[in-house]
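The values are calculated or read from the model by the stated rules, or taken from the named source; none is laboratory data. Small disclaimer: the values here were computed from a predicted structure and weren't measured. Quick reminder, even Gly has a Cβ in these numbers, built from the backbone with ideal geometry, and neighbours come from all protein chains shown. Side chains included, ligands, DNA and RNA excluded: accessible areas come from the protein's heavy atoms. Shrake-Rupley method; radii C 1.70, N 1.55, O 1.52, S 1.80 Å.
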Amino acid sequence: MNQIKIFAPATVANLSCGFDVLGCCLDTVGDEMVLKISEEPGVRITKLEGADLPMTTDQNVAGVAVQALLNTYSNKKIGVDIEIYKKIKAGSGIGSSAASSAGAVWGVNYLLNSPFTPQELVAFAMEGERLASGNAHADNVAPALLGGFTLVRSYTPLDVIKLNTPDDLVMTVIHPQIEVKTSDSRSVLKQNVTLQQAIRQWGNVGGLVSGLYTEDYGLISRSLEDVIIEPLRSILIPEFQNVKEAAMAEGALGCGISGSGPSIFMMSKGMETANRVAQAIQIVYNRTGLDFDIHISKINDHGIKILA
Ligand code: HSE
């Protein structure tokens, strides 16, 4: 087997309290990619549909991530051809670059009979994130590669943990059609936090992780709070507070910025609530005159999937 077609899922990073460390994987939104092992050394992007992104290998996140993998692979004679069919819009806040980087390294590793561990794949895919945003964060690539909910316990050394996924959790994500570059929305952040903010935030991270394991939806709900990043970034997102109020009034467990925005995520218990939340936020956004997409998705506990 020297070719594989895969589904590379969208992801929601941060999950309110876990800036750069928490993320989860979606099921209903994602790209498709075809990876081929070639006898011609080097990495090539041979097709790129659905987005206006660079096809030069060292300017393309999938190209850079696969190159990082091949740099540490024993056989220097092989090459990789990559086809990318983008469905996730760049700058949407649901892990568009991560899907490409993670999908590419996962597919190549599969074709090479899995010489690398999931942890190593996360490190290769992070090189794509470094290219996309100037920062090699793992909170989108980790859930794309491992599925479900993931926690980056440490970056140096890299230590990524897959958490439990309660069955009934459903995400509603609204994507306003404005582009917010991750690099821009990182530049509005402060480099220091107060001890008081840190205490509140790490209490919530612990609460959310515990709630996911004990499947305590009330605890999950109480923990979906961000006192550090959201106050600074939410001003970049039209109607953020009104969306949040409408979603919570319909029974969402929590609502926050998806990754670096502009998408907003709402977590609910059960599909019925997630659908009601979607209707409520649609009413809010209809008033803005902006185009938007709404995605409703269960948590994808598997991550990347083989299509052919
Ligand atoms: N943790 C990153 C950020 C995710 O919030 O900047 C980017 O998708």
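When G50, G18, G42, G63 are screened for being away from the ligand (no atom under 16 Å from the Cβ) and either assigned by TED's automatic domain parsing to the domain that holds I257 or under 19 Å from N135 (Cβ atoms) (or both), only G63 passes.
Residues checked against (1) under 29 Å from A90 (Cα atoms); (2) polar (S, T, N, Q); (3) outside the structural domain of N140 (by TED's automatic domain parsing); (4) within 16 Å of the ligand (Cβ to nearest atom):
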position: T182; (1), (2), (3), (4): yes, yes, yes, yes
position: S187; (1), (2), (3), (4): yes, yes, yes, yes
position: Q196; (1), (2), (3), (4): no, yes, yes, no
position: I199; (1), (2), (3), (4): no, no, yes, no
position: G207; (1), (2), (3), (4): no, no, yes, no
position: L219; (1), (2), (3), (4): no, no, yes, no
position: D226; (1), (2), (3), (4): yes, no, yes, yes
position: E230; (1), (2), (3), (4): yes, no, yes, yes
position: R233; (1), (2), (3), (4): yes, no, yes, yes
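E120 meets all of the listed conditions (1) touching a strand residue (DSSP E or B) at 6+ places or on another chain (Cβ under 9 Å); (2) away from the ligand (no atom under 13 Å from the Cβ) but one, namely (1). Being near the ligand (Cβ under 9 Å from one of its atoms) and over 13 Å from the mean Cα position of the chain (by Cα) is the filter here, so list the residues in region 133-145 that pass it. Hits for region 133-145 are S133, N135. Looking only at residues in region 1-32 that are closer than 16 Å to A308 by Cα and outside any strand (DSSP E or B), the one that is modelled with the lowest pLDDT is M1.
The residues listed here are G259, G251, G303; of these, the one that is in contact with a helix residue (DSSP H, G or I) (Cβ under 6 Å, 6 or more places away or on another chain), assigned to a loop (DSSP other than H, G, I, E, B) and crowded, with 20+ Cβ neighbours inside 10 Å is G303. Scanning region 181-190 for any residue that is more than 22 Å from Q279 (Cβ to Cβ), part of a loop (DSSP other than H, G, I, E, B) and open to solvent by less than 40 Å² (accessible area, probe 1.4 Å) turns up at least one such residue.
Does region 160-177 contain at least one residue that is open to solvent by 10 Å² or more (accessible area, probe 1.4 Å), among the hydrophobic types (A, V, I, L, M, F, W, C), more than 16 Å from the ligand (Cβ to nearest atom) and touching a helix residue (DSSP H, G or I) at 6+ places or on another chain (Cβ under 6 Å)? Scanning region 160-177 turns up at least one residue that is open to solvent by 10 Å² or more (accessible area, probe 1.4 Å), among the hydrophobic types (A, V, I, L, M, F, W, C), more than 16 Å from the ligand (Cβ to nearest atom) and touching a helix residue (DSSP H, G or I) at 6+ places or on another chain (Cβ under 6 Å). Cβ-Cβ distances below 8 Å connect the following pairs, each with a first residue in region 119-138 that is in the same structural domain as G18 (by TED's automatic domain parsing) and touching a residue at least 12 places away in the same chain (Cβ under 8 Å), a second residue that is open to solvent by less than 50 Å² (accessible area, probe 1.4 Å) and of a type in the set (K, R), and a separation of six or more residues or different chains: S133/R186; G134/R186; N135/R186.
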